[in-house]
Amino acid sequence: MSRYETMFARGEGVFGAFVMLGDPTLEASAAILDALVEAGADMLEVGLPFSDPIADGPVIQAAAARALAAGTRPADCFALLAEFRSRHPSVPVGILTYANLVMARGRDHFYARAADAGVDSVLVADVPLLEAGPFAASARAHGIAPVLIAAANTPPERLDAIAALGGGYTYCVARAGVTGADQAVRFDHEAMLARLHAVGAPPPVFGFGISTPAHVRAALAAGAAGIICGSAIVDLAARGEPVRGFVQAMKAATRGGQGGPIGGPILVP
Amino acid sequence: MLMRGRFGAFGGAYVPEILMPALEQLEAAFLEAQADDAFQAELASLLLNYAGRPTPLTRCRNLGGAARIYLKREDLLHGGAHKTNQVLGQAMLAKRMGKTRLIAETGAGQHGVATAMAGALFGLETRIYMGADDVERQRLNVFRMQLLGAEVVPVASGGRTLKDAINEALRDWAASFDTTHYLLGTAAGPHPFPTMVREFQRVIGREARAQILAEEGRLPDALVACVGGGSNAIGIFADFLGDDEVRLIGVEAAGRGLDGGEHGATLLRGRPGILHGAETYVLQDEDGQIGDSWSVSAGLDYPAVGPEHAYLKESGRADYVGATDDEALAAFALLARSEGIVCAFESAHALAHALKLAGEAEVIVVNISGRGDKDMAQAQTLLGLGR
């Protein structure tokens, strides 16, 4: 079984934590990754900083800018992840980045480097299903799961194709817009989740705007297999506050089983 | 998508999945409108009676020596630049799709002004994203946009210029697409924008072709246009693509020189990559981080380029060259003194190259994509006038 399969087989809601690599320095982010795991994060999603992150709100933009200002390069990030993997052999790690970084030295080169670093999946924020074929093929050739995004406005036939092509988990965007923790989240994704479930998609994990234990419970109650929290963690770290207590509280909210009946819309401020 | 949205290997639609339905809605509306006589009649009427088309093709009386240089006068269009052509088309599509709000990016402010004009004309709420540094440099255009009823939002991220304004407009659109049309200002970005903007700008070349045939009884030896994102160039090239005897030449901003880092010459010094929704040439470092461009003209100060130009370069149908800041400024001053025409700094890049061609080509058409009013303060400083 892959690391993702092993994790989902544990049968409890998954708490995924996101941070930007190199924010504010490589040493600091290596320490944060360890702290996230020790505090209970089931999987890690890590950003490779890009100069023009169009899917990100102000918090993650600022994190990428700090990382780049500190001189963080993709090669540094892969080295950091390889070291993380030697310390944590079983925690799934996914990269979240943008297409131009994947293409810069050629797609295959990128996925080969990711595989060497012990990375489990890559999500490319600006590659929709329409353009995902060559990325997914290269990823799979190197044993990397190509994570694809599904949204509440994604048409049913496209959800089927996302289910067939994607791997690892299905990244479900909880709301429209960009990343950030400043808006209410409405979990009314029954149709999307039902369709993904029916066609055997990789487990649905919600991201975008998930920043409180109430969000976690609502997402799991709505049928998610897990959630990913990014901006709230990055914001805490940027303010110099410890992330451990927050992660523990978020992880605690996942206990008590996943899934359950798919109910009506749940609005969480 | 109904169309392939590719120009050879270039183009495509590299956007977050959540924006795909908005692009598909736009493509469908555009294709329907292209086949709708009522839409085309309304657009033609607006171009004639509101925008001031057709624009003249002016033969230079004093410039060019033995060559006959003709200027396609988009500087005389309402709003002061070719931008108005395609903004009217897109604003009509926005109404057709039932959108109530327009957003746009702008560099120097010409596209922002054109979008604000269309917002006023069609009763659409309008927000313009503009790099914070550009807001400072282009105060007059900021005021014009505000006068026209638009909200101007300074973008303080990244390099605080056009690239960053596009990033912010895309972020807005990812949350607002239900009510909002993103009125992208050039023939770049994800499909269908490059194709749609070309079709709305095609009128430049269609007119120029008929005008030069009437004047000269033959096609020109060369067409010359400046290329930032590339909309004025693709607009004048489009109807000549099949005329192999006509050289098509795009002029990029060589800024302070192609060998330094300060230029906007994406096709000459960039390499293929993916930015702002399209696979195209991009100025970038070895890791793929996007580079900062430079040009004296804000409209050419952009580190990517429309994907069709990337294709025309690779196929060899068009040639791309550079003109430096100094060459453009010299051409700008020369046109003013020789012909009594004050063109935009952007257009002066095209003229600078046309003047170099004058020895080898007999009939040359230059696209004067905009007028130079916006550049007066900069020109005063750079040319040392009024002291």
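Under 5 Å between amide hydrogens, built in the peptide plane, is the criterion, and for A:VAL185 it picks out A:VAL268 among residues at least 5 positions away or on other chains. Given R0 = 25 Å, the distance between the Cβ atoms of B:ASP326 and B:ARG61 translates into a calculated FRET efficiency of 0.50. For A:ILE228, the residues 5 or more places off, or on other chains, whose built amide H falls under 5 Å of its own are A:GLY16, A:PHE206, A:GLY207.
Using a probe of 1.4 Å on the protein chains alone, the accessible area found for A:VAL14 is around 0 Å².
Once you sort the root eigenvalues of the Cα gyration tensor of chain B as a ≥ b ≥ c, which label holds: rounded (a/c under 1.5), prolate (a/b larger than b/c) or oblate (the other case)? It comes out rounded by the Cα gyration axes.
Sparse packing (at most 13 other Cβ atoms within 10 Å of the Cβ) combined with a DSSP loop state is found for the following GluC sites (Glu not before Pro) in segment B:291-387: B:GLU360. Dimensions of the protein assembly as shown along the principal axes, based on C-alpha atoms and rounded to the nearest Å, stand at 83, 51, 46, largest first. Under the convention that each Lys and Arg Cβ holds +1 and each Asp and Glu Cβ holds -1, the size of the dipole of chain A around its Cα centre is about 260 debye. In segment A:155-178, burial by the other protein chains removes 20 Å² or more of 1.4 Å probe accessible surface, compared with the chain on its own, from A:ARG158, A:ALA176, A:GLY177, A:VAL178.
Residue by residue along A:189-197, Cβ atoms of other protein chains within 10 Å of the local Cβ number 0 on average. Dipole check for segment B:203-328: with +1 at the C-beta of Lys and Arg, -1 at the C-beta of Asp and Glu, and the Cα centre as origin, the magnitude is about 280 Debye. For segment A:149-215, the solvent-accessible area of protein heavy atoms averages 34 Å² per residue (probe radius 1.4 Å; ligands and nucleic acids excluded).
Estimated purely from DSSP H runs of n ≥ 4, each contributing -39500 (n - 2.57), the mean residue ellipticity at 222 nm for the protein assembly as shown is -13000 deg cm²/dmol once divided by its residues. For segment B:135-242, the spread of Cα coordinates along the three principal axes comes to 51, 31, 27 Å, biggest extent given first.
Nonpolar atom fraction for chain A, defined as the carbon and sulfur part of the 1.4 Å probe accessible area, stands at 57 percent. Dimensions of chain A along the principal axes, based on C-alpha atoms and rounded to the nearest Å, stand at 47, 41, 33, largest first. Taking amide H as placed 1.01 Å from N in the peptide plane, B:GLU362 has its amide H under 5 Å from the amide H of B:ASP221, each at least 5 places away in sequence or on another chain.
Per-residue shielding of B:266-275, expressed as the average number of other chain Cβ atoms within 10 Å of the residue Cβ, stands at 3.
Computed with a 1.4 Å probe over protein heavy atoms only, the accessible surface of segment B:1-55 comes to 42 Å² per residue.
Farthest towards the positive end of the charge dipole of segment B:86-186, among the residues B:TRP173, B:LEU121, B:GLY109, is the Cα of B:LEU121, using unit charges on the Cβ of Lys, Arg, Asp and Glu. Between B:THR179 and A:ALA69, the distance separating the two model label sites (each 7 Å from Cα on the Cα→Cβ line) works out to 3.4 nm.
Backbone phi angles across segment B:221-231, fed through the Karplus curve with coefficients 6.51, -1.76 and 1.60 (θ = phi - 60°), yield HN-Hα couplings of 6, 8, 10, 10, 8, 6, 10, x, x, x, 6 Hz in residue order; Gly and Pro are listed as x. Residues of segment A:220-244 with amide nitrogen under 17 Å from the 7 Å Cα-to-Cβ point of A:GLU38? So the set is A:237, A:241-244.
Computed over protein heavy atoms with a 1.4 Å probe, the accessible surface of segment B:200-278 works out to 31 Å² per residue. Peptide packing for B:221-233, B:184-196 was compared via the average number of neighbouring C-beta atoms within 10 Å per residue; ordered from the highest value, the list is B:221-233, B:184-196.
Between B:ALA333 and B:LEU385, full extension at 0.36 nm per residue minus the direct alpha carbon distance yields a gain of 17.6 nm. Taken along the Cα-to-beta-carbon direction at a fixed 7 Å, the label points for B:ALA9 and A:GLU190 span 4.9 nm. The label point for B:MET376 and the one for B:LEU241, both projected 7 Å from the Cα toward the Cβ, are 3.9 nm apart. A simple charge model with +1 on the Cβ of Lys and Arg, -1 on the Cβ of Asp and Glu and nothing else charged puts the dipole of segment A:112-229 at about 140 debye relative to its Cα centre. Stokes-Einstein diffusion for segment B:222-360, with the hydrodynamic radius set to the Kirkwood value over Cα pairs and evaluated at 25 °C in a medium of 0.890 mPa s, equals 164 µm²/s.
Our estimate of slack between A:ALA9 and A:GLU83, defined as 0.36 nm per intervening residue step minus the Cα-Cα distance, is 24.1 nm. Put B:PHE7, A:PHE15, B:PHE143 in order of accessible area, highest first, and with a 1.4 Å probe you get B:PHE143, B:PHE7, A:PHE15. Please report how far the C-alpha centroid of segment B:1-77 lies from that of segment B:137-213, rounded to the nearest whole angstrom. The distance from the Cα centre of segment B:1-77 to that of segment B:137-213 comes to 13 Å. Excluding ligands, DNA and RNA and using a 1.4 Å probe, chains A and B jointly bury around 2900 Å² of accessible surface, summed across both partners. Taking the Cβ-Cβ separation of B:TYR50 and B:MET97 as r and a Förster radius of 22 Å, what is the calculated FRET efficiency to the nearest 0.05? Approximately 0.55, to the nearest 0.05.
Placing unit charges on the Cβ atoms of the charged side chains and taking the dipole of the protein assembly as shown about its Cα centre, the candidate lying farthest along the positive direction among B:LEU219, B:VAL296, B:THR84 is B:THR84.
The value for segment B:1-160 of Rg(Cα) / (2.2 N^0.38 Å) is 1.20.
Pairs with C-alpha atoms separated by more than 23 Å, drawn from the list B:LYS313/B:LYS356; B:LYS95/B:LYS163; B:LYS163/B:LYS356; B:LYS72/B:LYS163; B:LYS99/B:LYS374, are B:LYS95/B:LYS163; B:LYS163/B:LYS356; B:LYS72/B:LYS163; B:LYS99/B:LYS374.
The values are calculated or read from the model by the stated rules, or taken from the named source; none is laboratory data. Note that the structure is a prediction, hence the values are computed from the model and not measured. Here Cβ is always computed from backbone atoms with ideal geometry, including for glycine, and neighbour counts include all displayed protein chains. Quick note on the areas: whole protein, heavy atoms, side chains included, nothing else; ligands and nucleic acids left out. Shrake-Rupley method; radii C 1.70, N 1.55, O 1.52, S 1.80 Å.
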